[in-house]
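Read the structure below first, then the notes.
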């Protein structure tokens, strides 16, 4: 048996749309074309920005520190022509991140190392259970009766990258220890700070 649509829906479907005035179509076409042009321009600028950011990293973390090796850890370059006076300083750079995209085995190894070496307090642990919306009452009772309800909560462990990076810096600078960088997702390098002098 064919599905019968309500009369209101049948009438809406059978009605022909009124003709759209040409000036409205022209306005719409102009706006859509502008939107597409801006989308393309934005994509080009984002691609260019990505290249600029990559080049800035090369300059600040590799090339300038290498040149500074023969000069010292900081220097002030005098103003010259249109270029202002600039302070250049090279110091250590730290980064540490147990990345979301790592496979579970690699993440587990990182968390295990932190736990076994007295740094388990860095790990944030979340326990979550998904309840269908009709089971809101069960969700409220969850804290009292997880096991009785037969639920299997999921466990998620993480360490915020800023926390882990600060911890890595502290380990190196205050405790003179370098943890296994590959295990904890760490990187230690040098970075140049280039700042215009205040007038």
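The values are calculated or read from the model by the stated rules, or taken from the named source; none is laboratory data. Predicted model, so just to flag it, every value in this text is computed and none were measured. Neighbour counts are summed over all protein chains in view; Cβ atoms, including those assigned to glycine, are modelled from backbone coordinates with ideal geometry.
Here are the numbers for this structure:
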| item | result |
| --- | --- |
| Filtered residue count, segment 184-199, keeping only those that are buried (at least 16 other Cβ atoms within 10 Å of the Cβ) and outside any loop (DSSP other than H, G, I, E, B) | 5 |
| Of residues in segment 78-105 being in contact with a strand residue (DSSP E or B) (Cβ under 9 Å, 6 or more places away or on another chain) and part of a loop (DSSP other than H, G, I, E, B), the one nearest to residue 187 (Cα to Cα) | 97 |
| Residue check for residue 67: under 29 Å from the mean Cα position of the chain (by Cα) and either closer than 29 Å to residue 181 by Cα or outside the structural domain of residue 156 (by TED's automatic domain parsing) (or both) | no |
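Residue-by-condition table, conditions (1) exposed (fewer than 10 other Cβ atoms within 10 Å of the Cβ); (2) over 30 Å from residue 181 (Cβ atoms); (3) touching a helix residue (DSSP H, G or I) at 6+ places or on another chain (Cβ under 8 Å):
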| position | (1), (2), (3) |
| --- | --- |
| 99 | no, no, no |
| 109 | no, no, yes |
| 119 | no, no, yes |
| 123 | no, no, yes |
| 128 | yes, yes, no |
| 135 | no, yes, no |
| 140 | no, yes, no |
